[in-house]
Structure formats: C-alpha cells, structure tokens
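Working notes for the structure below.
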2 protein chains.
Amino acid sequence: MKALVFDGRFHLSEVAQPYRQKGEALIRVRMAGICNTDIEIVRGYMNFRGILGHEFVGEVIGSEGDQLVGRRVVGEINLACGDCDFCRSGLSRHCPNRRVLGIYQKDGVFAEYLTLPLENLHPVSEGLPDEEAVFVEPLAAALEILEQGPPHPSDKVAIIGDGKLGLLVAQVLQSTGAQITLVGKHPQKMQLATRWGLDTCPASKAKSLPPQDVVVECSGSPSGWELALQLIRPQGTLILKSTYHQSFPFNPAPLVIHEIRLVGSRCGPFPAAIRLLEEGKIQVKPLIHRIFSLSQALEAFEYAQQEGVLKVLLRMD
Amino acid sequence: MKALVFDGRFHLSEVAQPYRQKGEALIRVRMAGICNTDIEIVRGYMNFRGILGHEFVGEVIGSEGDQLVGRRVVGEINLACGDCDFCRSGLSRHCPNRRVLGIYQKDGVFAEYLTLPLENLHPVSEGLPDEEAVFVEPLAAALEILEQGPPHPSDKVAIIGDGKLGLLVAQVLQSTGAQITLVGKHPQKMQLATRWGLDTCPASKAKSLPPQDVVVECSGSPSGWELALQLIRPQGTLILKSTYHQSFPFNPAPLVIHEIRLVGSRCGPFPAAIRLLEEGKIQVKPLIHRIFSLSQALEAFEYAQQEGVLKVLLRMD
C-alpha cells in the first residue's frame, strides 16, 4: 500500500499492508488530517520512525466479530497495555507502556490502511461527512479542558494562538459563558473567531488586556508561554495545550509568588466530540484550507507549514 | 535602633526608629527567624534594599486605639493597597501594588522595632512562647497547600527537601492521612521526620519510589524540580513551594503529555497556624538549631547557611 513514511527522511513509499493482530480491526483510511504534532515529528519530536499521522476517519474492513465491519469509525490514539496499575485505574490514556498512533511505536494513518484495537474505535453516524469526522481527535483534545474543570461564566479567558487548536478551543470554551478573547497573529484566522462572536486581540497588543482568570496556551511557542505568564492573574489557571519542540530558560518563581495553577492538557473524550459534531455545535469546515490526495502528501505537508494555513486534509481514494 | 541592613553590602547598622503611619502599629520585635528567602535576598533575589527579615513575634507598643497595645503579635507580610480590584475581591495577598515585609519596598524585622498595618497583625496567646510564635509565618505558608486543595487519604505524597519548610509541610500533610515520604539529603533532618512517624527516602534513592499522586517541591534547587517531574504520576499534582534564584532550561512538553497539574503556593492562613501551634499539633522546637542575639546577626546568617542547619532565630533583647 501507499504510505507517508518518516525514517529520518520523509517520503511516500510502497509498504506492506498492516496485519491485523488479535483484538484489532483493519481499517481502510478515508480521510486524514495533518496536525502540528506531525510537523514537529518531522523536525525530530519523539524520535518517531514509521508511518506518520493520527487524525483520521476510515472504514472497518476486517475485525473479530462483524458488528463494526463496514462502519465508518474514528480512533483514539493511545494504545494502552490494559494490564498496568494505570490501565486498571481508568488512566489508560496515560499507560506508561502505551504506543501512540503515528507518534510513538505505532504506524499512523497517512496510508491506505491501518490497524487499531477495537476498544479504540468509535463509529460515526452516516450524516457526519468525512471532512468533519476527521476533526474528532483534535476536538476531543480541546474538550479535555472542560473535562479538567471548565472556566466559570464570570471568568475572563484568553486563548493564545489562532491556529487550528486555538480556534477549536475558542469554540469549545464559548459554551461556558466566560468572556473569551482569542489572541493571534493572523487577521484572516481571527476573522473566523469574530464571525463566531468571539473577541479577538492581536498578539502585539495583548499586554494591554486586563489580567485573565484563565489563559489557554495553544501557540506552542516560547513567546506564547511568556505572554501567558504576563496575562494570567494571581491564583489564575494557565492551561497548556501545546507541546514544545525545544527547551527554553524558565524560572518558576513567578508561578510560586502569584500562586498560578498550571494544567497540562492533552487527549480528550471522543464520544462528546462526535456528538457535538453530529449536532452541528462546532464549526470545523471553515478550518479546512485544502484537501490533497495521499499521492500529493509531500506537497500537502509543505502547504500545511505555510504562514496562515489552517487544516490540511489528505483524501485516500 | 540596631538593624540588619542589606544595601548591596550586608551589615549591622544604627538606623532611625521607624515612624508609625496612619493605620499602623509600632512593634518592638522580640524574636525573628532567618528564612531561606532572606539568604536568597542577600544573593540578589528581588533586588531588595533595606532591613531584612519577615518572620517575627513582637509586642505592640504604639497603635491607633489601645486594644493591641501591650499584646504580643505576629504579622502577615503582604502590605496591600486595599483599593485595587484584587484587594476588593479578597485577593489582597496578591495586590499588585503591595509591599512585602523585608522582601519588597518595606523594611523588615531584623531590627529592634518595625511598623505594620493593624490589619496585618494577629495576637498570640500568653501560653505560646516566642520560640514557637516565630514559626507562624512559615507554618501558614505550609498550610496554604491544604487551603489550595488537600491530598486525599489514598494519595502517595512525596515532599522533596528536608529543610525547615519541607519538615513543616511534612507535619501539615500528615493530618490528611496520605502516605507521605520525605525525600532529603541530610540524615539528621530526616531522623526528625522518622521520629514524627513519617517515611523518608534519601534523594539518591528517590527514583525507585513508586509514581506519586502529589509531589511538593520544597528544595528550591533545579535538581529538586527535575526529581519532582520524575516522581509525579500522570494527572498528578506538583506543588511548588520554593522560589528559585536562577532560571534553568525547561520544556513544558512532559507537563502536557502527562497532564500534570502544577500549583504555585506561597503565603497562607495565619489564624490556623496560630491555633495549631497553640494546640501543640505541630512540632517546631526541634527545628530550632540555635538562637543568636541581634548584635550577632551576621554570625547567625553565616551559621544559618551551613550544611544541615535548620532554623536560626534572632532574639532582640
């Protein structure tokens, strides 16, 4: 089958179709999304080697039992061992023995086929088009903020970063009734937020915002981190959604002095993300900038890294 | 009056007795404690210039209204403006216009006299000796952890740092029923914890501890911070009690991936600290290593910085 492989070099290759292990389904990928994490991996993050990609919607074509065969599914990215203390206490997303789809020791979704354990799969309804279903994984990650403790309606909340993740987080947090400001650098992206009824502020003027009760860092840049520390009020909550490729100098003293609560936030609840998309509560189509075929995947990656580009999708047919 | 002054140089001086402003009391200092923050300030922290020190017990000798005159008091260290949004919303400890006793724009307690606003003062009962009352401020700081959300009885909690603060935090957290391990480098200090019924672990062997639900960083060293990140379980809570003099390289990615909750923790509730000391629930006398007179203050500072030394007190008479 055709697949986008990173093995130090980054190339489209003809590789063997994956073999379905016990407890797994074989899935024909229909559509996949390029995430910033994929771009970070190509730059060296996680030292991953293999087929890239973790955002997808596909059709089950082989499985133990027949109930999923023929169904369109999305899939959770953490492959837990099921056997350790973490898995047994319901923390399987944090299983220390886990593999992670397209990120750590498990081939990903930028390919014609993939395998995943049945317990990772969630069917989506017929009415939900591929172009939306492919956003379930990043939307679930945005929803994780609400799972960890939502902002109050009286809170001022700044979201730093007007990329794909920031725009999903902004929509998700809008439901809390909090006063949201999206801080970004791209007028076109911020216009989307304005259209959804959100306040926006250019990053260059963000220092004039009042102290914020909650800041969500979605920029993944050290300057975003610095800005977050400047905007957060004493005893406020700073939510970190982005991973960073590099270390930077840091002194925790301001966190202590101002009693900041810093919350790392990663993967979230798939069922809620599916439901919200099915109900049309979250707008994802405006985030799609272009759809490429798998054979154009290298070009798609180049395009995804251009200034101002939001979601780039790969269609596998 | 005699005072220990830091003005780039560090010396005992004869300075003017402070003048009581409106709303303030004039206090004759009876006893004061040397804190690691004082030592950090002499090394350049906060760029403070003036009389050092913020842990004290003293006698009110002048005040508007007579109700406090003649009473022994301890005092909160944050001098808030009383007028800003933070003060009005009950966050006066975090007032952005605040001065901080012996730390920021307000002369401290290593002197014969000091002034403080009346609202900062808390009388202590006759039965509480000076040697214990002088621990109210650091004990309140340890109690702040419980104010911010106590560990559960089923939690494993590691406290990193067997200094004064770590030993107070260890006693305070013992009341939660959690399984506490004090991680330190000084056998004599750890023996104290053992005597109080706490588990201890040498820092060199801490990596073999099981993943901890809560880690409290009280060492103030980058190696303590590193160890904290290694010990904390996914979705665990890492409480930062120490300020750090220097920046160090940091990548927040592990906080995001493991969804760590990091909580900065500073000043705490004085009334609870006073009550616990009055009820004999917290042992502070074993933490006292030596008492010097104010005229021996320079020698006391040298002594306080020696390896293995816990609390050093100054007696002002």
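Some notes on this structure:
- Accessible-area loss of 20 Å² or more (1.4 Å probe, protein heavy atoms, chain alone versus all protein chains) is found in the stretch A:252-300 for A:252, A:253, A:255, A:256, A:257, A:259, A:260, A:261, A:262, A:263, A:264, A:266.
- Beta bridges per DSSP with both ends in the protein assembly as shown, % antiparallel, nearest 5: 55
- Lysines whose Cα lies under 21 Å from that of residue B:106, excluding same-chain neighbours fewer than 8 positions away: B:2, B:22
- Nearest-10 value in Å² for the accessible area of residue B:303, using the 1.4 Å probe: 50
- Reported to the nearest whole Å, the Cα centre-to-centre distance from the stretch B:34-85 to the stretch A:257-292 is 47.
- Peptide B:243-249 has a mean of 5 when you count, residue by residue, the C-beta atoms of other protein chains within 10 Å of its C-beta.
- Equivalent-ellipsoid semi-axes for the protein assembly as shown (Cα gyration tensor, √(5λ), whole Å, largest first): 54, 26, 20.
- Proximal charge balance of residue B:221 [Cβ under 13 Å; K/R count +1, D/E count -1]: -2
- Within the shell defined by Cβ-Cβ distances under 9 Å, the residues around residue A:181 carry a net charge of 0, with Lys and Arg each +1 and Asp and Glu each -1.
- Percentage, to the nearest whole number, of Cα pairs in chain A over 29 Å apart: 37
- Label point of residue A:283 (7 Å along Cα→beta-carbon): distances to the other copies' equivalent points are 6.5 nm, sorted ascending.
- Ligands, DNA and RNA left out, the accessible area of the stretch A:98-222 computed with a 1.4 Å probe is 48% carbon and sulfur.
- Candidate cross-link partners of residue A:164 among the lysines, defined by an alpha-carbon separation under 18 Å and a same-chain spacing of 8 or more, comprise A:185, A:189, A:241, A:281, A:285, A:311.
The values are calculated or read from the model by the stated rules, or taken from the named source; none is laboratory data. This is a predicted model, so every value here is computed, not measured. Cβ: placed from backbone, ideal geometry, glycine included. Neighbour counts: every protein chain shown. Heavy atoms of the whole protein, side chains included, go into the accessibility calculation; ligands, DNA and RNA do not. Shrake-Rupley method; radii C 1.70, N 1.55, O 1.52, S 1.80 Å.
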